[in-house]
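Below: the structure, in structure tokens.
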Amino acid sequence: MNTRYERGLARLSEIDRSQIERILTGLEDIAPDFARYLVEFAFGDIYARPGLDLKSRQIATVAALTTLGAMPQLKAHIHGALEVGCRREEIVEIIMQMAVYVGFPAAVNAFAAAREVFAERSKRGTVSCRLNAAIPASDSASRS
């Protein structure tokens with residue numbers, strides 16, 4: 001891959017392919033350059049660095065977004081964390097850990113976001129990670 005943008009798209013597709021379209025079309029009419037910067041910098045530069053695997057990066061991102069109270073982004077990254085191997089229990093523990101530092105209201109809001117993501121994934125029939133994506137949620141509740 002030659003460009004930061006291509007590298008970013010590739011990395012983003014490893015996390016959650018559906019996010020690419022939402023990012024690009026969501027900013028297309030107001031700030032298309034910003035969408036490109038986001039893909040290039042966040043995913044083409046930072047997420048592509050060695051040193052942390054995608055699961056570790058998503059854990060850090062879920063924690064940070066819980067702190068910021070950025071619920072739309074938190075939901076997207078909870079999906080991403082589940083796609084790269086986090087379990088539901090890990091997401092809950094990340095948010096629980098953050099409650100110590102950011103307070104109960106932020107944690108309650110993050111739990112609400114997580115509940116929505118879990119429900120959406122159960123409705124779709126997906127569970128935790130790509131390895132389990134084809135397993136119906138009802139058959140794998142103990143693993144998710």
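Surface analysis of the chain yields an accessible area of 56 Å² per residue, using protein heavy atoms and a 1.4 Å probe. Dipole orientation for segment 68-130: of the candidates Ala113, Val92, Gly69, Ala113 has the Cα lying most toward the positive pole (charges on Cβ; Lys, Arg +1; Asp, Glu -1).
Distance between the C-alpha centers of segment 71-117 and segment 1-57? Whole Å please. Measuring centre to centre over Cα atoms gives 21 Å.
The charge dipole of segment 25-70, taken about its Cα centre with unit charges on the Cβ of Lys, Arg, Asp and Glu (plus for the first two, minus for the last two), comes to roughly 300 debye. Backbone amide hydrogens, once placed in the peptide plane, bring Gly85 within less than 5 Å of Arg130, excluding anything fewer than 5 places away on its chain.
With respect to the chain, whose longest principal axis is taken over its alpha-carbon atoms, helix 88-102 is tilted by about 80°.
Using heavy atoms of the protein chains and a probe of 1.4 Å, the accessible area assigned to Val102 is about 40 Å². Accessible surface comparison of Thr67, Thr126, probe 1.4 Å, protein chains only, largest first: the order is Thr67, Thr126.
If the only charges are +1 at each Lys and Arg Cβ and -1 at each Asp and Glu Cβ, what is the size of the charge dipole of segment 1-123 around the Cα centre, to the nearest 20 debye? Provide the component values of the computation, followed by the final result.
Details: 15 positive and 16 negative charges, 47 e Å.
Roughly 220 debye for segment 1-123.
The accessible-area ordering, largest first, of the residues Leu9, Leu52 stands as Leu52, Leu9, per a 1.4 angstrom probe. Using a probe radius of 1.4 angstrom, the carbon and sulfur fraction of the accessible surface of the chain is 59%.
The protection proxy used here, the mean number of other Cβ atoms lying within 10 Å of each residue, ranks peptides 83-96, 111-124, 18-31 as follows, highest first: 83-96, 111-124, 18-31.
According to the calculation over all Cα-Cα pairs in segment 43-115, the P(r) per 5 Å bin from zero is 3, 19, 31, 25, 13, 8, 2 %.
State, as an integer percentage, the relative contact order of the chain based on alpha-carbon contacts under 8 Å between residues 6 or more apart. Relative contact order comes out at 20 percent. If only the Cβ of Lys and Arg carry +1 and only the Cβ of Asp and Glu carry -1, the dipole of segment 37-103 around its Cα centre is close to 80 debye.
The values are calculated or read from the model by the stated rules, or taken from the named source; none is laboratory data. If you're wondering where the values come from, they're calculated on a predicted model, not measured in any experiment. Here the Cβ is made from the backbone with ideal geometry for all residues, glycine too, and neighbour counts use every protein chain on show. The area values use the complete protein model at the heavy-atom level, side chains included, leaving out ligands, DNA and RNA. Shrake-Rupley method; radii C 1.70, N 1.55, O 1.52, S 1.80 Å.
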